[in-house]
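Here is the structure we will look at.
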Amino acid sequence: MSRQQASPIILCFSGHDPIGGAGIQADIEAIAAQSAHAATLITALTVQDTRNVQRIEPVAAETLREAASAVLKDLPVAAFKIGLLGSAEIAQTVANIIRQHPGIPLVLDPVLAAGGGKKLSDDRLLEVMRKQLLPLATLLTPNSLEARQLSGEEDLDLAAQQLLSMGCKNVLITGTHEATDRVYNTLYTAAGQQVFESERLPGDYHGSGCTLAATLAARLALGEEATSACHHALAYTEHCLRRAHSPGHGQSLPGRIKKDHEQNAIEDLNPDKDL
Ligand code: PLP
């Protein structure tokens with residue numbers, strides 16, 4: 001029996017969202033959709049619904065450190081992805097882990113607030129993110145609000161230059177929070193900048209940033225450069241948002257799983273279908 005070619009493994013450090021729209025579930029679904037495999041380390045549990053986050057409870061830092069060590073001794077991790085961290089202590093623990101594995105690309109999604117507005121970071125966490133994590137990042141994926149907060153610059157071009165000077169290799173600033181008719185997402189690299197323009201979709205989404213960052217990590221793990229990874233990940237994320245559904249009372253959930261095959265399978269089981 002021939003063995004399947006191994007899928008690249010992305011080790012994700014993310015929070016758990018019981019709604020299933022953001023956090024670790026977004027990572028697993030988005031990464032699986034790139035034909036890659038997500039290994040998952042939960043940084044924090046959350047209490048939330050589709051409207052907002054109520055509370056975050058970080059895991060014990062020592063458990064996270066042990067679990068990461070077990071995974072990294074066993075699996076050939078091809079990329080890291082960091083999402084919600086939940087506390088400065090967890091951020092520090094994650095930075096220590098990543099620092100021991102130079103050469104593995106890292107996508108850092110600086111989750112500072114929930115879509116519903118709840119603050120998901122404090123000054124200590126921001127400090128660890130700026131000084132310890134940002135310099136390790138291959139690709140930083142702030143939205144425009146996070147880019148301003150992390151850099152202290154209002155102008156987004158200046159914010160990106162400041163973030164690059166703080167040590168990350170590339171920055172993708174997403175533009176959905178800006179008051180523009182269309183959405184402009186801009187990738188800044190040492191070589192210059194590239195704008196990816198897309199239609200502004202109506203509605204609010206829960207887990208769009210996680211979907212984008214996880215897909216980017218998978219594309220880097222598959223060997224793509226930052227520009228190509230951004231092109232593919234932005235297209236996939238837009239596709240997920242176009243097929244989002246709204247099962248709750250707040251934000252819509254991205255449709256990350258391809259339903260076409262399921263549909264075929266259901267039709268195959270349907271005795272009434274036209275042959
Ligand atoms: N991770 C977790 C566990 C969350 O609960 C949230 C937001 O609620 C996020 C990440 C960020 O989500 P988004 O991708 O919508 O920015």
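The values are calculated or read from the model by the stated rules, or taken from the named source; none is laboratory data. Everything numeric here is computed off the predicted structure, so don't read it as measured data. Every residue, glycine as well, gets a Cβ built from its backbone with ideal geometry; the counts of neighbours run over all protein chains shown. Side chains included, ligands, DNA and RNA excluded: accessible areas come from the protein's heavy atoms. Shrake-Rupley method; radii C 1.70, N 1.55, O 1.52, S 1.80 Å.
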Of Asp109, Asp123, Asp157, the one that fluctuates the most in a GNM where the chain has Cα springs shorter than 10 Å: Asp123
Accessible area (Å², 1.4 Å probe, nearest 10) - Ile9: 20
Shape of the chain, Cα gyration tensor, a/c cut at 1.5: rounded
The range 9-242, accessible surface, carbon-and-sulfur percent (1.4 angstrom probe): 51
Filter on Lys73/Lys118; Lys119/Lys169; Lys73/Lys131 - keep pairs with C-alpha separation over 30 Å: Lys73/Lys118
Per-residue SASA entry for His232, accessible area with 1.4 Å probe, Å² rounded to 10: 70
Residues with amide H under 5 Å from that of Asp49, placed H, sequence gap 5 or more: Gln54
Under the Karplus curve 6.51 cos²θ - 1.76 cosθ + 1.60, θ = phi - 60°, whole-Hz ³J(HN,Hα) for the range 193-203, x wherever Gly or Pro sits: 9, 9, 9, 10, 9, 8, 5, 7, 8, x, x
Net charge dipole size for the chain [Lys, Arg +1 and Asp, Glu -1 on Cβ; Debye, nearest 20]: 500
Per-residue ³J(HN,Hα) for the range 42-51, Karplus 6.51 cos²θ - 1.76 cosθ + 1.60, θ = phi - 60°, Hz, x for Gly and Pro: 7, 8, 7, 8, 10, 10, 6, 10, 6, 8
Contact order normalised by residue count of the chain, Cα under 8 Å, 6+ apart, percent: 18
Candidate lysines for bridging to Lys259, where Cα separation is under 28 Å - those fewer than 8 sequence places away on the same chain excluded: Lys81, Lys273
His177 accessible area, 1.4 Å probe, all protein chains in place, Å² to nearest 10: 100
Ratio Rg/Rh [Cα only; Rh per Kirkwood] for the range 1-97: 1.01
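Per residue, how many Å² of accessible area does the range 9-242 show with a 1.4 Å probe?
42
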Using θ = phi - 60° and Karplus 6.51 cos²θ - 1.76 cosθ + 1.60, couplings along the range 217-233 (whole Hz; Gly, Pro as x): 4, 5, 5, 5, 5, 7, x, 7, 6, 4, 5, 5, 4, 5, 4, 5, 6
